[in-house]
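**Q** Below you will find the structure I want to go over with you.
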Amino acid sequence: VQGAWFSPIALNPQNSSILFVGGNGNVFMSSNKGTSWAAISTNLTGGSQIEFIGNTGTTVYAATNKKVFKTINNGNNWTEVTSNLPLSNANISWLFVHPSNPNLVLITFWNLSSGNKVFSTIDGGTTWINISGTLPNIPVNCIEADVNNAVHSLYIGTDWGVYYSDTTTQDWTSFDT
């Protein structure tokens, strides 16, 4: 497997023997804890590095800084799912896939593109919703979700600190205590 200096790797949340890794335009899978690897895509990106990987076990998402791809059948077919993302003026900085809901995906952006910081989809990437709220115009580097929390808590890491949101707040709050 040939990839970037920091190649993305993701453990299958349903089976710890299965791993996915992104390389030079391809996604590879190991079903034996990394002993051997097989490509499950064919040059998705035209040679650009796969920078982000997320999966639920049956659904795999792979992204560059400008495109998001998805497969629901172990790589037999891949679909680009970047529909209404603001990719002309922002670069993807993180991809989060809910471990038990393959349709719930969150993406962050690190550019100084006002109002284009955090997007979510609940339909597997068919449509993306801007959930940036009133975040300041700073790069957002990563996102994590507390999937065991009933109010769906989200945490983002920015150049200025950590911010928090959930279904009760409806916006982002500085989380610096």
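**Q** Pull out all pairs, ordered by first then second residue, where Cβ-Cβ is under 7 Å, the residues are six or more apart or on different chains, the first lies in region 135-152 and is free of Cβ contacts under 8 Å to residues at least 24 places away in the same chain, and the second is part of a strand (DSSP E or B).
**A** Within 7 Å, the pairs are Asp146/Ser153; His152/Ala145.
**Q** Out of all the residues in region 38-75, which are assigned to a loop (DSSP other than H, G, I, E, B) and crowded, with 18+ Cβ neighbours inside 10 Å?
**A** Ile40, Ser41, Leu44, Thr45, Ile50, Glu51, Thr56, Thr59, Thr64, Lys67, Gly75 - these are the residues of region 38-75 that are assigned to a loop (DSSP other than H, G, I, E, B) and crowded, with 18+ Cβ neighbours inside 10 Å.
**Q** Okay, moving on. Let me confirm something: among Phe20, Phe96, which residue is assigned to a strand (DSSP E or B) and either in contact with a helix residue (DSSP H, G or I) (Cβ under 6 Å, 6 or more places away or on another chain) or within 23 Å of Lys117 (Cβ to Cβ) (or both)?
**A** Phe96
**Q** Just checking, does region 22-37 include any residue being within 23 Å of His98 (Cβ to Cβ) and in contact with a Leu (Cβ under 6 Å, 6 or more places away or on another chain)?
**A** Yes, region 22-37 has at least one match.
**Q** Then there is this: Go through region 99-132 and give me each residue that's within 15 Å of Ile156 (Cα to Cα), in a loop (DSSP other than H, G, I, E, B) and open to solvent by less than 20 Å² (accessible area, probe 1.4 Å).
**A** Lys117, Ser132
**Q** Something else: Scanning for something touching a Ser or Thr at 6+ places or on another chain (Cβ under 7 Å), of a type in the set (Phe, Trp, Tyr), assigned to a loop (DSSP other than H, G, I, E, B) and over 20 Å from Ala10 (Cα atoms), does region 155-166 turn up at least one residue?
**A** Looking through region 155-166, none of the residues is touching a Ser or Thr at 6+ places or on another chain (Cβ under 7 Å), of a type in the set (Phe, Trp, Tyr), assigned to a loop (DSSP other than H, G, I, E, B) and over 20 Å from Ala10 (Cα atoms).
**Q** Okay, moving on. May I ask you to list the residues in region 34-48 that are in contact (Cβ under 8 Å) with a residue 12 or more places away in the chain, touching a Ser or Thr at 6+ places or on another chain (Cβ under 8 Å) and of a type outside the set (S, T, N, Q)?
**A** Trp37, Ile40 - these are the residues of region 34-48 that are in contact (Cβ under 8 Å) with a residue 12 or more places away in the chain, touching a Ser or Thr at 6+ places or on another chain (Cβ under 8 Å) and of a type outside the set (S, T, N, Q).
The values are calculated or read from the model by the stated rules, or taken from the named source; none is laboratory data. These numbers come from a predicted model, not from an experiment. Note that each Cβ is placed from the backbone with ideal geometry, even for glycine, and that neighbours are counted across all protein chains shown. Keep in mind that these areas ignore ligands, DNA and RNA; they rest on the heavy atoms of the full protein, side chains included. Shrake-Rupley method; radii C 1.70, N 1.55, O 1.52, S 1.80 Å.
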